[in-house]
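Bear in mind these aren't lab numbers, they're just calculated from the coordinates by the rules spelled out. In this text the structure is predicted, and so the values were computed from the model without any measurement. Here the Cβ is made from the backbone with ideal geometry for all residues, glycine too, and neighbour counts use every protein chain on show.
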Amino acid sequence: MTNGLSLALLLPLASSLCSALTVGTGTRDHISSKKQHQEFNSSAKCPSLWTGGGQVGKPSEVDIVVSHCNHDLSWLKREIAQLSNAGMPVKKITVFSKCGAQVTGAPDGATVTALPNVGRCDHTMAHYMSQESSKTKHPGHIVLFIKDTHFLHQLGERMRPLHEVVGLAAGPAGFGCGHETTGTGSVFHDTAILGKFTMKTYNFRRIASPYADMSAWLSAMHVSLPQPVTPVCHGGVFAASRERISAGAAFWPAMEKSLARSDNIEEGHFAERSWAGLLMKFDPEQSRLMKCKADDVSTWDGTLKGCSKPC
C-alpha cells in the first residue's frame, strides 16, 4: 500500500446500505481509446479498464463530501494527510449529517449541514450535485464522495486507497471508484440485463419502488445507459471531476427528488448502480470491446466475466 491508507482499515465496519446502479447520458463526452484498443487486440492480459482502472492525473484541488449518520470522523484527518502527501490538496470538506446525531471528529474547518434522513448516501450525493453542478468548474478540481462508515459486502471486490480514487478522477475518465474487482468479474455490465435489475426486498424488509425495474426508473429520471455495456461502482465511495458533475446538471434534481421518498428504498440501489455510468468518460469503442472480451455474463445483473477472449 503506497501513498494512502486503505479505507477498509480506517473506517468502522458497519452494515450501512448505499445502493447502486449504472447509467449513461446523451451528453456524454468520449476519450480516445487507441492505446487501450491496441492493448485489447495485442495481449491476452486483461486491461486495467476492466476493473475500473486507467490513466491517473494530479488534481489541482480536492473537495470532500461526507454522508454522515452517527459515526466518528476522526479517521478522516489521516486520509486528508495522505492525500496531501500525494500532492492532492484538500480545500473544502462538507459533512451532510442525516440521522440527527452530533458530528464528532470532523476536521477543522469542515462545514456541517443537516439533511433529512432519506435516500441514504445516494440522496446526499444527488443533493450535492444538484446544488453544485451550475457552479464554475476549474480544470483538475475533484470532488470525493465518502460515508462515515463502510462495509465491504460485495464479493470479489476490494477497496482502493483514496489517493488512487482521486487520481483516476483527475485523469481522462473524470471518475474513480472506491472499489475495484479482484477476480474475473468486471466493473462493466451488460446494459440490457442490468436494466431488468430489481431489489424489492433487502434484509427481509420490503423496499419496493413504484418502478417495475431499473430501466423504468432511468426512464423516469430522463437518463439512459451507455450501450452495449456500462460501468458500475458499488459501495458509495467515488470521486468525480467537477466537469463531469456539471455535465449532469439536467438530471441531478430528478434523482434527488426520487431518492427523497424514504430511507431504505429500491431507488437507492438503482442510484448506486448509476454513478459510474453517469460520470465516467470512456470511448464508445471501449464499450464494444469490453463486451467482446467477456467469456460470460451474469444473468442477474449483467456483470461481465472472464476477460480472455481475443478481440
Exercise. What does a probe at W300 reach in the stretch 231-254, counting residues whose amide N is under 17 Å from the point 7 Å along Cα→Cβ?
Worked result: 232-235
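Let me know the Kirkwood hydrodynamic radius for the stretch 72-139, please, with Cα pairs as the basis and the value in Å to one decimal.
For the stretch 72-139, inverting the mean 1/r across all distinct Cα pairs yields 13.7 Å.
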Problem set entry | Virtual spin-label span in nm between A254 and S74, 7 Å along Cα→Cβ | 4.5
For this session: Tell me which label goes with the value of Cα Rg over 2.2 N^0.38 Å computed from the coordinates here: (i) 1.67; (ii) 1.20; (iii) 0.93.
Result: (iii)
Problem set entry | By average C-beta atoms within 10 angstrom, highest first, the peptides 163-173, 90-100 | 163-173, 90-100
Exercise. How large is Rg over Rh for the stretch 126-177, taking Rg from the Cα atoms and Rh as the Kirkwood inverse mean of 1/r across Cα pairs?
Worked result: 1.02
Seminar exercise, completed: Going through K196/K281; K98/K291; K58/K137; K58/K147; K147/K200 one by one, the pairs whose alpha carbons sit over 28 Å apart turn out to be K98/K291
Seminar exercise, completed: If amide H atoms are modeled at 1.01 Å from N in the peptide plane, then the residues at a separation of 5 or more from F238, or on another chain, having amide H under 5 Å from its own are F145, G178
Problem set entry | For the stretch 184-257: span of alpha carbons on each principal axis (Å, largest first) | 39, 36, 24
Problem set entry | Karplus-derived 3J(HN,Hα), 6.51/-1.76/1.60, for each residue of the stretch 305-311, Hz, glycine and proline x | 9, x, 6, 10, 6, x, 10
For this session: Grab the beta carbon distance between A192 and D108, set R0 = 35 Å, and tell me the FRET efficiency rounded to 0.05.
Result: 0.10
